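The block underneath contains the structure these notes are about, expressed in structure tokens.
Taken together, the values in this text are just the output of simple stated rules run on the coordinates, not laboratory data. Because the structure is a prediction, the values reported are computed rather than measured. Glycine gets a Cβ as well: all are built from the backbone with ideal geometry, and neighbour counts include every protein chain shown.
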Amino acid sequence: MTAGGALLTGTRGGHAEGDKAARDAKAAAGAKTAAVDKAAASAPQFHDLSLTVASDLPCSWPAGMPQFQMIRYLEIGPLSAYNSEILVFDDHTGTQFDAPTHSVAPPDSKLPNAGPYGLMSSEKVPLAQFAGEACVLDCSTLVDSAPKGHGSLVKKDLVMAWERENRPLVTGDVVLLHSGYSDRYYKAFPDGRRFIADPVEGTVPGWPDPDPDCMEYFASRKVMALATDSPSMGPLPPPLGEETHYAGLKHGMIWTEAATGLGALPRTGAFYCVLATNVVGSVGASARALAIVGDPLARQLIEAARAQKVVDLSLPLLEDRPVWWPGRGVGNSRHPYFKYLMPPYQQARHTLDSHCGTHLVPPAYALPPTGFDNQSYSTEVRGWLTEYEKRYGPRGTSNVTAEQVPVSQTCGRARLFDVKHLAGTTSKKSWPTSPEITLSQIREFEDRHGVLEPGDIMLFHTGHSERHFQPFPAGKSCMEDPLNGQGEGWPVPGPEAILYLAGKGVRCVGTDGPNLGGTEPKRALMTYWALGSRGMVGVEYLTNLSKLPEKAYFLFAAMKIRGCHGGPGRALALGL
């Protein structure tokens, strides 16, 4: 009995201790689950709010404007180790932004719509206006509620009702007018006519947008940026659309047109940014719109935009500057950059290589598609491939072009690596050559500044574009002279460095040099093979990296062009 009682008592004690342990384990598991859920909830979510650009999509204004064109003129094979295109587009292609000069004439023009903001062309817009807190107004009930050839009007009463339910609008907010119009009607032709052509022709209702009185109300709230998922901020018929444009742009507002996916965002709290191509003297620009949801990142970026802690890291597209690849010798250049202005709004028409100015390098730039026969390479490149694969492993293949690169891959914490000291470290006898950024140097960087983490954006600060991006003929020192052995190339990473970064979880690498490959064809191609084989992307030809804050968040996106092996883009950084 005693023994049995002791045993029974012990058993009861064991059950009690076991129950307590089970409860503790359950509580711990619950706490862990809650922590995971909280982390997941706060993890940043990226939303690409941009329309895909392609010739079979209604990405260009159909009435009297040239249509978007992409011409493949370099293709991996016996004549080229790379893919590239000639792009022809105007400032209102795909998702775009309007600058005040779109509707406001210069103050000394004596025109009826003249005003001080008639001098604020695209490159003069304050950077902070491109970003802010997204305030989403649902106007989806207005779609298709107007007569044919007319658009339903977003009235200020709708805006005031939103403010009563949420909060007053303030400077730094970006009002997103969500109707779902582009979600519904942006389709391949012939169905794509419903997006712009049929409404303009008057055979179907148009899109909903603010009337001039509503736009004046936004101005009274000091809201300086809007976005809409309709093709234009102005409702149909055209005279009313122009009145709405002028009502806002005369106050210095800007806006994004032809966004998409706005309904996926919360009413408030998301960070919004439109990354407009850095064209000069234009009434707007093709762009990429994105949003980031999830604190603390979204809140930090919103606060940075409100505090105007924004740095432009993109080169301006100018015809008299070295924005396009001149190649070595004669007859080996990429397509030069050309621009001309079109009436009646003087918007610009651009013709350029897809690796012109600040641009994206997707994996399929240098990696051939699946099924490619390596014997199609030239004899010289086949020899380089054999050497590369012996040293670094399989080159791989890729079909990942610009539109398939997620915006989350080209946005992240900026890790600035100052390599300006490498300039002048090569001898003239070795030119054309570029100083190499080595694996050991990157490890030394980590020892001094902290280890690289997954999602970091590695930016190599060579200082090259800041020194050499000048009008011609001085601008020859940027690319033409180094390529032809008349000057030293810019510092670039070798394949070993790229593969090390990939192993650290870095998925995007940037440089303020003209490219990541440098001036030597063999080493350049190996670097691009290393990038592509690990699914990494490059952002080339940045500038102003010397102005980057110590703690900064990097934002970049290129035009969302289907099947493009590059594409012009805009890079901004926000101080954290």
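Is it possible to state the helix-based mean residue ellipticity at 222 nm for the chain, with each DSSP H run of 4+ residues giving -39500 (n - 2.57), the sum divided by total residues, to the nearest 500 deg cm²/dmol? What is it? Write out the running numbers ahead of the final one.
Details: 13 runs with 148 residues, N = 576.
Value at 222 nm, helices only, nearest 500: -8000 deg cm²/dmol.
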Worksheet item: Taking H as built 1.01 Å from N, whose amide H comes closer than 5 Å to the amide H of LEU576, not counting residues under 5 places away?
Response: LYS551, ALA552, TYR553
Discussion item. Can you give me the long-range amide H partners of GLY510? Hydrogens built in the peptide plane at 1.01 Å from N, cutoff under 5 Å, separation of 5 or more residues or another chain.
Written reply: MET458, LEU459, PHE460, VAL539
Fill in: Separation between Cα centres of the range 42-71 and the range 206-266, rounded to whole Å
19
Worksheet entry | All Cα pairs of the chain, percent lying beyond 43 Å | 26
Worksheet, complete the sentence: If each part is reduced to its alpha-carbon centroid, the range 99-173 and the range 336-354 end up apart, in Å, by 25
Worksheet, complete the sentence: Per the C-alpha gyration tensor (a ≥ b ≥ c, the square roots of its eigenvalues), the range 91-308 is rounded if a/c is under 1.5, else prolate if a/b beats b/c, else oblate; here it's rounded
Worksheet item: Using the Cβ atoms and a cut-off under 11 Å, what net charge is assigned to the surroundings of TYR340, where Lys and Arg are +1 and Asp and Glu are -1?
Response: 0
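Any idea what the relative contact order of the chain is, in percent, if you count C-alpha pairs under 8 Å spaced at least 6 apart?
Working: 1401 pairs, mean separation 99.2, N = 576.
17 percent.
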Worksheet item: Which order results if HIS359, HIS150, HIS245 are arranged by neighbouring Cβ count within 10 Å, fewest first?
Response: HIS150, HIS245, HIS359
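Calculate, in nm to one decimal, what SER546 and TYR392 gain on full extension: separation in residues at 0.36 nm each, minus their alpha carbon distance.
Values: separation 154, 0.36 × 154 = 55.44 nm, distance 3.32 nm.
Extra length available between SER546 and TYR392 comes to 52.1 nm.
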Practice prompt. Using packing as a proxy for protection, rank 105-111, 271-277, 514-520 so that the peptide with the highest average count of other Cβ atoms within 10 Å comes first.
Written response: 271-277, 514-520, 105-111
Practice prompt. Starting at the first residue of the range 545-555, write each ³J(HN,Hα) from the Karplus equation 6.51 cos²θ - 1.76 cosθ + 1.60 with θ = phi - 60°, in whole Hz, x for Gly and Pro.
Written response: 5, 5, 8, 5, x, 4, 10, 9, 10, 8, 10
Response to the item:
Phi angles of the range 284-295, converted by Karplus (6.51 cos²θ - 1.76 cosθ + 1.60, θ = phi - 60°) into ³J(HN,Hα) in whole Hz with x for Gly and Pro, give x, 6, 5, 8, 10, 9, 8, 9, 10, 10, x, 7
Worksheet item: So who's got an amide H within less than 5 Å of the one on CYS564, skipping anything under 5 residues away but keeping other chains? H placed 1.01 Å off N, in plane.
Response: ALA402, GLU403
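Mind putting a number on the dipole of the range 157-308 about its Cα centre? Charges go on the C-beta only, +1 for Lys and Arg and -1 for Asp and Glu, and I need it in Debye to the nearest 20.
480
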Worksheet item: What's the extension gain from LYS148 to ALA474 if we count 0.36 nm per residue and subtract their Cα-Cα distance?
Response: 111.7 nm
Practice prompt. Tell me the label-point distance for the pair GLU165, ALA264, using the 7 Å Cα-to-Cβ offset, in nm and rounded to one decimal.
Written response: 2.2
Discussion item. Output wanted: per-residue J couplings in Hz (rounded whole) for the range 529-535, from phi through Karplus 6.51 cos²θ - 1.76 cosθ + 1.60, θ = phi - 60°, x for Gly and Pro.
Written reply: 4, 5, 4, x, 5, 9, x
